[in-house]
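Take a look at the structure set out below.
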Amino acid sequence: MSGRFDAGIFVREEIKKLVPYKPEIYPDMVKLDANENPFTFPAEIQEKIYRMISPGSFTRYPDAMAGELVREITGCYGVSPEQVMVGNGSDELILNLMLTFGAGNRVVIAVPTFSMYGIHARVAGAKIVEIKRNRDFGLVVDEIIRAGESAGLVVICSPNNPSGNSATTEQVASILAGCRCPVIVDQAYLEFGGTDLLPLLAEYDNLVILRTFSKAFGLAGLRVGFLFAAPGILHYLFKVKQPFNLNNFSQTAALVALRNRELFTRQVALINEEKEKLYRALREMPGVHVYPSDANYLLFSAVVPAADLFRGLLREKVLIRNFGDPLLSGFLRVTVGTPEENKIFLSALRKVIDTLGEKKNG
Ligand SMILES: *Cc1c(COP(=O)(O)O)cnc(C)c1O
């Protein structure tokens with residue numbers, strides 16, 4: 001029997017083509033590859049979280065509606081509870097949106113962008129329609145609207161990962177008005193900059209705004225995302241959602257983080273100051289072209305091949321992000337780190353570019 005069983009017979013072609021996400025683990029690196037908050041999580045907030053965890057948090061299932069966290073979110077962002085949903089990272093919310101609105105439909109994605117939209121769309125069995133951004137990574141609004149006419153879902157990221165630029169309110173309003181289907185705007189990096197599109201929610205019932213605790217709030221390890229949308233959209237998302245998706249510990253941690261958000265506002269201000277310094281240093285570096293960014297990372301290209309630069313930096317114990325996406329060939333993305341980390345990155349980058357340049361000329 002065992003020799004003859006082929007699980008693949010029962011698997012869709014799109015699933016077979018997917019490559020599992022198993023990122024390599026690089027120990028002891030200056031880690032600037034995943035846009036995390038580089039600062040130590042505030043000890044006083046950690047203490048408060050631990051104090052709120054009771055033995056019941058372990059034995060009992062969590063609140064399926066995450067009521068307390070949702071209430072805190074509504075107070076903080078000025079929305080009503082019927083407009084909020086939380087998830088196990090915004091990744092899970094993206095998958096649920098794809099399963100609910102994308103499955104069997106077209107999903108329009110403005111590319112290059114965050115790779116999870118395409119992956120989750122494929123898993124859900126959607127047909128992906130990619131609309132290329134322009135040379136500066138700006139949205140081509142009329143093409144998105146045209147493609148959106150026959151789609152079940154449109155996805156835009158603002159500030160966009162990895163380019164760092166943002167959509168304007170006018171652009172997103174045009175897309176919302178021009179498309180009948182739900183339009184996701186992923187604002188995972190909004191705390192760092194860019195236009196807040198939440199005011200559009202009152203006007204457009206097809207808007208879905210994604211947010212996360214993974215970046216500015218330093219909770220990437222606990223997986224908490226949330227979204228804002230009209231009740232008409234949440235009505236269907238709640239049918240698809242796993243009942244106990246967000247565990248007790250993460251619900252509590254996100255709640256406490258939000259109640260103490262001024263501590264993170266301070267960290268965000270520091271990160272943005274560091275971003276400006278890093279941007280200026282990269283702009284002045286010969287052979288480097290860097291893009292302005294509203295987020296906590298910078299996209300850049302260099303005169304030397306990106307893959308060589310990436311590997312050279314690894315040898316210097318600095319991990320940044322390279323890309324498999326052909327639309328991003330030649331580009332690298334560096335997350336803004338602590339002041340020390342950014343210094344290490346810059347001097348490693350200078351060294352590697354010099355070495356690679358000498359090899360080329362010598
Ligand atoms: C990091 C990131 C997220 C956050 O994902 P989580 O699952 O909430 O950690 C969402 N969207 C984009 C574009 C991101 O870069």
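Quick note: the coordinates plus some simple rules give every number you see, no bench work behind them. Predicted, not measured: the structure shown is a model, and the values here were computed from it. Using ideal geometry, Cβ is built from the backbone for each residue, glycine included, and neighbour counts are taken over all protein chains shown.
Values computed for the structure shown
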{"item": "Some residue of the stretch 235-244 being of a type in the set (D, E, K, R) and within 25 Å of Gly118 (Cβ to Cβ)", "result": "yes"}
{"item": "Hits in the stretch 281-325 (condition: assigned to a helix (DSSP H, G or I) and either in contact with a strand residue (DSSP E or B) (Cβ under 8 Å, 6 or more places away or on another chain) or farther than 14 Å from Ser347 by Cα (or both))", "result": "Leu282, Arg283, Ala306, Ala307, Asp308, Leu309, Phe310, Arg311, Leu313"}
{"item": "Among the residues listed as Glu24, Glu47, the single one being more than 16 Å from the ligand (Cβ to nearest atom), without any contact (Cβ under 8 Å) to a residue 24 or more places away in the chain, of a type in the set (Asp, Glu) and loosely packed, with under 10 Cβ neighbours inside 10 Å", "result": "Glu24"}
{"item": "Breaking point among (1) over 21 Å from Leu219 (Cβ atoms); (2) among the β-branched types (Val, Ile, Thr); (3) without any contact (Cβ under 8 Å) to a residue 24 or more places away in the chain, for Ile15", "result": "(3)"}
{"item": "Those residues of the stretch 130-163 which are surrounded by 18 or more Cβ atoms within 10 Å (Cβ to Cβ) and more than 20 Å from the chain's Cα centre (by Cα), in sequence order", "result": "Val141, Ile144, Ile145, Ala147, Gly148, Ala151, Gly152"}
{"item": "Checking Val334 against (1) surrounded by 19 or more Cβ atoms within 10 Å (Cβ to Cβ); (2) more than 21 Å from the chain's Cα centre (by Cα); (3) in contact (Cβ under 8 Å) with a residue 40 or more places away in the chain, the condition it does not meet", "result": "(2)"}
{"item": "Tally, over the stretch 104-125, of residues that are more than 13 Å from the ligand (Cβ to nearest atom) and either touching a residue at least 40 places away in the same chain (Cβ under 8 Å) or within 21 Å of Asn247 (Cβ to Cβ) (or both)", "result": "8"}
{"item": "Test: residue in the stretch 223-230 that is more than 26 Å from Val256 (Cα to Cα) and among the basic types (Lys, Arg)", "result": "no"}
{"item": "Complete set of residues in the stretch 188-207 that are out of contact with any Ser or Thr (no Cβ under 6 Å at 6 or more places or on another chain) and in a loop (DSSP other than H, G, I, E, B)", "result": "Tyr189, Gly193, Asp196, Leu197, Glu203, Tyr204, Asp205, Asn206"}
{"item": "Complete set of residues in the stretch 141-172 that are more than 15 Å from the ligand (Cβ to nearest atom), of a type in the set (A, V, I, L, M, F, W, C) and within 28 Å of Val336 (Cα to Cα)", "result": "Val172"}
{"item": "Single residue of the stretch 71-101 satisfying the filter (within 16 Å of the ligand (Cβ to nearest atom) and among the small types (Gly, Ala, Ser)) that is surrounded by the most Cβ atoms within 10 Å (Cβ to Cβ)", "result": "Ser90"}
{"item": "Checking Leu258 against (1) more than 16 Å from the ligand (Cβ to nearest atom); (2) in contact with a helix residue (DSSP H, G or I) (Cβ under 9 Å, 6 or more places away or on another chain), the condition it does not meet", "result": "(1)"}
{"item": "Index of the failed condition, Pro243 passing every other in (1) assigned to a helix (DSSP H, G or I); (2) away from the ligand (no atom under 13 Å from the Cβ); (3) touching a residue at least 60 places away in the same chain (Cβ under 8 Å)", "result": "(1)"}
